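J.: What follows is a structure written as C-alpha cells; I'll ask about it next.
The values are calculated or read from the model by the stated rules, or taken from the named source; none is laboratory data. Fair warning: this is a prediction, and the values are worked out from it, not measured in the lab. All Cβ positions, even for glycine, are placed from backbone atoms using ideal geometry, and neighbour counts span all protein chains on display.
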Amino acid sequence: MGVDIVTVRAESDLTPGMRQLLQRIARAGQTPLHQLDPQAARDAYARMAQVLDFAPASLPLCDTLDCPSRDGTRLPLRRYGVRPADWQSPQPTLLYLHGGGFVLGSPATHDALCRQLALRSGWMVLSLDYRLAPEHRFPTAFNDSWDALQWLHAHGDLLGVDTSLLAVGGDSAGGTLAAACALAARDADLPLALQLLFYPGMGCDATPSRQRYAHGFLLETEQIDWFFRLYLRDAADCTDWRFAPGRAASHRGLAPAWIAAAGCDPLRDEVLAYAERLRQSGVAVQAREWPGVTHDFIKMSRALPQAAQAVDAAAQALRDAALSAASI
C-alpha cells in the first residue's frame, strides 16, 4: 500500500504530456521487457525504439565500419556526418554508446537520435555496437567501449576523425559507459573534449528517486534489477568504477561534462549527485534537469518537446567544445 501511495503522489510530478504518454503506453498492454527472455526483449525494444523518436534525418554520410577489440572481435561502428566521406578536413567526432541496460539496444535503435546529434552539432558521430549481456557480462561492454575509443584516438584519421577533438557520450547504460571511458581516458592521458551524458546510471545504490519513481514511470525497479542480474557477475561488480563511475577513487582531471537528468526518473538523484561530485572535483560541468519527464525521454520527440530541447542543448555543448578547442 505504501508504494501505491508514493506512486500516486509522484504522478503529480509529471507534465501533462508525459502523463498522457504513459497512459497510452499502459493501454497498449505490452509485456514488460523484464518478463521476456533477453532476445525477445531485444526484438520488442527494437520494434518500439523508433515509434516516438525523431524521424530519421537524411545525412550526406551514413555507413557502417568496424574496429578491433582486445579479443580480436570486430566491433561495428555506424558513422554519421553532415559532410561526405571524401571530405578532406578531419572532423570533431563523438563516440556514442547506446542505452538499453547493457542487455538491449544497438546502433539501429538509436539511429534517429545519432542522426540528430550529427545534424545539430556538425560533429561526426560514431555509434558503437558493443556486445550485450547475458552473453557477454561485465566488463565486456566497458572493454568494448574503451577499446573503440582508444582505437579512434590512435587510428581515427583513417575515418576522417580529428583525433585531437574527440568526445564520448551515451544515454542510460551508454551514459554509464561513457562516464567510465572518461575516467579511463584521464588515466591513459587520452584527451577528450567532452563527456556527453544523458541520465547515466551510477550503480546499485538506493536513492530517494529510485523509491519515488519505482513503478509507473517507464523504467521500473524490476527492469533495473533484471538488467543488473543479466549484466553483473556478482555483488562486487556493483562497486567497480567501470559500472559505478561515482565510485572511482578520484574524479579530478576529467574531461568537461554535459549531463542531462530526467525529473521523474529513478536515476535522477544519482545523475545529479554525479554532476555535483564532478564539480567538487574541479571538473567543468553543465548539468540540467528536465522536470516532469521520465527516463528515455530523449527518444520521445514526437510526443515530448523536451526531447528536442535536450538534443539541442547537447549539440550546443558539442559545438561549444569545438570552439573552446579552437581558441586554445
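J.: Which condition number in (1) crowded, with 22+ Cβ neighbours inside 10 Å; (2) assigned to a loop (DSSP other than H, G, I, E, B); (3) touching a strand residue (DSSP E or B) at 6+ places or on another chain (Cβ under 9 Å) is the one that residue 127 fails?
T.: Evaluating residue 127 over (1) crowded, with 22+ Cβ neighbours inside 10 Å; (2) assigned to a loop (DSSP other than H, G, I, E, B); (3) touching a strand residue (DSSP E or B) at 6+ places or on another chain (Cβ under 9 Å) leaves (2) as the failure.
J.: Another one. Looking at residue 303, is it within 20 Å of residue 15 (Cα to Cα), in a strand (DSSP E or B) and at pLDDT 95 or above?
T.: Numbers: within 20 Å of residue 15 (Cα to Cα): yes; in a strand (DSSP E or B): no; at pLDDT 95 or above: yes.
Against the criterion (within 20 Å of residue 15 (Cα to Cα), in a strand (DSSP E or B) and at pLDDT 95 or above), residue 303 does not qualify.
J.: Going by the conditions given, is residue 183 under 16 Å from the mean Cα position of the chain (by Cα), under 30 Å from residue 26 (Cβ atoms), modelled with pLDDT of 95 or more and hydrophobic (A, V, I, L, M, F, W, C)?
T.: Working: under 16 Å from the mean Cα position of the chain (by Cα): yes; under 30 Å from residue 26 (Cβ atoms): no; modelled with pLDDT of 95 or more: yes; hydrophobic (A, V, I, L, M, F, W, C): yes.
Spelling it out, it is not the case that residue 183 is under 16 Å from the mean Cα position of the chain (by Cα), under 30 Å from residue 26 (Cβ atoms), modelled with pLDDT of 95 or more and hydrophobic (A, V, I, L, M, F, W, C).
J.: Please go through region 142-167 and pick out each residue that is buried (at least 21 other Cβ atoms within 10 Å of the Cβ) and under 20 Å from the mean Cα position of the chain (by Cα).
T.: If the condition is that a residue be buried (at least 21 other Cβ atoms within 10 Å of the Cβ) and under 20 Å from the mean Cα position of the chain (by Cα), then 142, 144, 145, 146, 148, 149, 152, 165, 166, 167 are the ones that fit.
J.: I would also like to ask the following. Count, please, the residues in region 105-116 that happen to be in contact with a helix residue (DSSP H, G or I) (Cβ under 8 Å, 6 or more places away or on another chain) and either crowded, with 24+ Cβ neighbours inside 10 Å or of a type in the set (Lys, Arg) (or both).
T.: Count: 4.
J.: Here's a follow-up. Determine, yes or no, whether residue 107 is more than 21 Å from residue 175 (Cβ to Cβ), assigned to a loop (DSSP other than H, G, I, E, B), touching a Pro at 6+ places or on another chain (Cβ under 8 Å) and not aliphatic (A, V, I, L, M).
T.: For residue 107, the condition - more than 21 Å from residue 175 (Cβ to Cβ), assigned to a loop (DSSP other than H, G, I, E, B), touching a Pro at 6+ places or on another chain (Cβ under 8 Å) and not aliphatic (A, V, I, L, M) - is not met.
J.: Now for a different question. Against the conditions (1) within 22 Å of residue 142 (Cβ to Cβ); (2) surrounded by fewer than 21 Cβ atoms within 10 Å (Cβ to Cβ); (3) among the small types (Gly, Ala, Ser), where does residue 244 fall short? Just the number, please.
T.: Single failed check for residue 244: (2).
J.: How about region 266-284: which of its residues are buried (at least 20 other Cβ atoms within 10 Å of the Cβ) and farther than 17 Å from residue 196 by Cβ?
T.: 266, 268, 269, 270
J.: Mind counting the residues in region 301-328 that are over 19 Å from the mean Cα position of the chain (by Cα), farther than 30 Å from residue 24 by Cβ and small (Gly, Ala, Ser)?
T.: Residues that pass the stated criteria total 5.
J.: Taking only pairs six or more apart or across chains, which ones have beta-carbon atoms under 7 Å, a first residue in region 132-157 that is under 24 Å from residue 40 (Cα atoms), and a second residue that is modelled with pLDDT of 95 or more and basic (Lys, Arg)?
T.: 137/233; 138/233; 139/242; 140/131; 141/131; 142/242; 144/131
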